[in-house]
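Comments concern the structure below.
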């Protein structure tokens with residue numbers, strides 16, 4: 001009996017109300033619109049369901065992959081022989097925290113919705129996150145940031161499930177945030193369940209205007225009209241990836257349906273029908289050319305999955 005049969009039996013016995021999809025195309029769940037089928041995809045409706053599901057996965061020998069909006073993932077064309085757990089559908093509660101000027105949000109809450117909620121509460125500090133197309137879980141794990149703001153500036157605490165230890169509450173300091181990095185970057189099996197954000201009082205109208213300004217900047221400079229995973233490469237020390245790529249004359253470089261955006265060289269986009277292979281070959285070509293001409297090694301920011 002393989003892990004799928006064992007998992008199906010466990011779910012039927014202990015989580016009969018859990019929504020589960022078989023051979024679910026990952027192209028429907030990633031911002032790249034790329035990826036073959038996942039053997040099983042589950043949509044827990046609560047943190048308790050997610051914890052049980054992860055325990056089942058461990059006993060069955062499944063390799064769980066927890067996702068939110070799939071905005072930073074490149075999935076193989078052949079699909080994933082894994083259990084994919086989508087938090088965006090059910091783990092999406094957001095509310096005022098216990099302490100003044102705090103917000104408690106579950107892992108599947110989109111950063112745009114979180115910023116909107118903060119605005120309505122008259123709380124400032126999340127404006128930078130309004131245009132980031134991810135969720136709280138992913139944003140906390142990678143210390144998402146834009147326009148001078150980062151998660152580390154506002155995260156008070158994070159509830160994390162460590163498979164070998166259980167659920168722990170980590171302070172912002174314990175998260176050891178760095179550039180596109182956190183403590184959880186070193187614990188890929190750990191799963192964010194929720195986070196508490198500490199903000200400052202502000203004027204809702206001014207907060208809303210700031211979010212509009214940042215969104216206008218984003219639309220003007222980024223190829224939001226095409227599927228992508230956001231910035232393809234991390235910022236190398238002392239440089240900007242997009243500038244290096246542009247200076248190497250790589251804007252518009254195309255492999256199959258994948259292209260280095262003509263609008264912003266830091267983005268690889270799906271022109272339509274791009275495969276995972278197309279994107280990977282294009283990323284490798286950009287890395288080779290930039291290193292050859294500039295002596296700088298570009299590291300992908302997008303998470304490239306294997307089968």
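Using the structure shown, decide if residue 163 is surrounded by fewer than 17 Cβ atoms within 10 Å (Cβ to Cβ), in contact with a helix residue (DSSP H, G or I) (Cβ under 8 Å, 6 or more places away or on another chain) and farther than 28 Å from residue 48 by Cβ. Break it down into steps so the answer makes sense when it comes.
Numbers: surrounded by fewer than 17 Cβ atoms within 10 Å (Cβ to Cβ): yes; in contact with a helix residue (DSSP H, G or I) (Cβ under 8 Å, 6 or more places away or on another chain): yes; farther than 28 Å from residue 48 by Cβ: no.
In short, no.
So is residue 61 surrounded by fewer than 23 Cβ atoms within 10 Å (Cβ to Cβ), on the phi < 0 side of the Ramachandran plot and either touching a helix residue (DSSP H, G or I) at 6+ places or on another chain (Cβ under 7 Å) or touching a residue at least 60 places away in the same chain (Cβ under 8 Å) (or both) or not? Show your work before the answer.
Values: surrounded by fewer than 23 Cβ atoms within 10 Å (Cβ to Cβ): yes; on the phi < 0 side of the Ramachandran plot: no; either touching a helix residue (DSSP H, G or I) at 6+ places or on another chain (Cβ under 7 Å) or touching a residue at least 60 places away in the same chain (Cβ under 8 Å) (or both): yes.
The answer is no for residue 61.
Among the residues of region 143-157, is there at least one that is in contact (Cβ under 8 Å) with a residue 40 or more places away in the chain and crowded, with 24+ Cβ neighbours inside 10 Å? Please lay out each step first, then the result.
Keep residues of region 143-157 that are in contact (Cβ under 8 Å) with a residue 40 or more places away in the chain, which gives 146-147, 154-156.
Applying the additional criterion that residues be crowded, with 24+ Cβ neighbours inside 10 Å yields none.
Among the residues of region 143-157, not one is in contact (Cβ under 8 Å) with a residue 40 or more places away in the chain and crowded, with 24+ Cβ neighbours inside 10 Å, which makes the answer no.
Kindly list, by first and then second residue, each pair from a residue in region 18-43 that is on the phi > 0 side of the Ramachandran plot and outside the structural domain of residue 274 (by TED's automatic domain parsing) to a residue that is crowded, with 21+ Cβ neighbours inside 10 Å and in a strand (DSSP E or B), limited to pairs with Cβ atoms under 8 Å and residues at least 6 apart or on different chains.
Sorted first by the residue in region 18-43, then by its partner, the pairs are 23/38; 33/270; 35/73; 35/74; 35/80.
Can you tell me which of (1) within 22 Å of residue 103 (Cα to Cα); (2) crowded, with 18+ Cβ neighbours inside 10 Å; (3) touching a helix residue (DSSP H, G or I) at 6+ places or on another chain (Cβ under 6 Å) is the one residue 197 doesn't meet?
Looking at each condition in turn, residue 197 falls short on (3).
Can you go through 151, 215 and tell me which one is out of contact with any strand residue (DSSP E or B) (no Cβ under 9 Å at 6 or more places or on another chain) and farther than 29 Å from residue 62 by Cα? Step through it out loud before you land on a result.
Working: 151 fails: out of contact with any strand residue (DSSP E or B) (no Cβ under 9 Å at 6 or more places or on another chain).
When all the criteria are applied, what remains is 215.
For region 106-126, which residues satisfy the criterion of being part of a loop (DSSP other than H, G, I, E, B) and at negative phi?
In the first step, residues of region 106-126 are kept if they are part of a loop (DSSP other than H, G, I, E, B); the result is 107-109, 121-122, 125-126.
Of everything in region 106-126, those that are part of a loop (DSSP other than H, G, I, E, B) and at negative phi turn out to be 107, 108, 109, 121, 126.
Residues 259, 287: which one is within 27 Å of residue 182 (Cα to Cα), at pLDDT 95 or above and either under 21 Å from the mean Cα position of the chain (by Cα) or surrounded by 14 or more Cβ atoms within 10 Å (Cβ to Cβ) (or both)?
Values: 259 fails: within 27 Å of residue 182 (Cα to Cα).
Just one listed residue meets the conditions, 287.
Can we say residue 230 is surrounded by 14 or more Cβ atoms within 10 Å (Cβ to Cβ) and in contact (Cβ under 8 Å) with a residue 40 or more places away in the chain? Steps first, please.
Numbers: surrounded by 14 or more Cβ atoms within 10 Å (Cβ to Cβ): yes; in contact (Cβ under 8 Å) with a residue 40 or more places away in the chain: yes.
Yes: the conditions hold for residue 230.
Can you confirm whether residue 185 is within 28 Å of residue 157 (Cβ to Cβ), in contact with a helix residue (DSSP H, G or I) (Cβ under 9 Å, 6 or more places away or on another chain) and surrounded by fewer than 17 Cβ atoms within 10 Å (Cβ to Cβ)? Outline the logic, then answer.
Values: within 28 Å of residue 157 (Cβ to Cβ): yes; in contact with a helix residue (DSSP H, G or I) (Cβ under 9 Å, 6 or more places away or on another chain): yes; surrounded by fewer than 17 Cβ atoms within 10 Å (Cβ to Cβ): yes.
Spelling it out, residue 185 is indeed within 28 Å of residue 157 (Cβ to Cβ), in contact with a helix residue (DSSP H, G or I) (Cβ under 9 Å, 6 or more places away or on another chain) and surrounded by fewer than 17 Cβ atoms within 10 Å (Cβ to Cβ).
Here's the yes/no breakdown for (1) closer than 27 Å to residue 165 by Cβ; (2) surrounded by 16 or more Cβ atoms within 10 Å (Cβ to Cβ):
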| site | (1), (2) |
| --- | --- |
| 1 | no, no |
| 30 | no, yes |
| 41 | yes, yes |
| 57 | yes, yes |
| 82 | yes, yes |
| 103 | yes, yes |
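The values are calculated or read from the model by the stated rules, or taken from the named source; none is laboratory data. Treat the numbers as computed from the prediction; the structure is a model and nothing was measured. Here the Cβ is made from the backbone with ideal geometry for all residues, glycine too, and neighbour counts use every protein chain on show.
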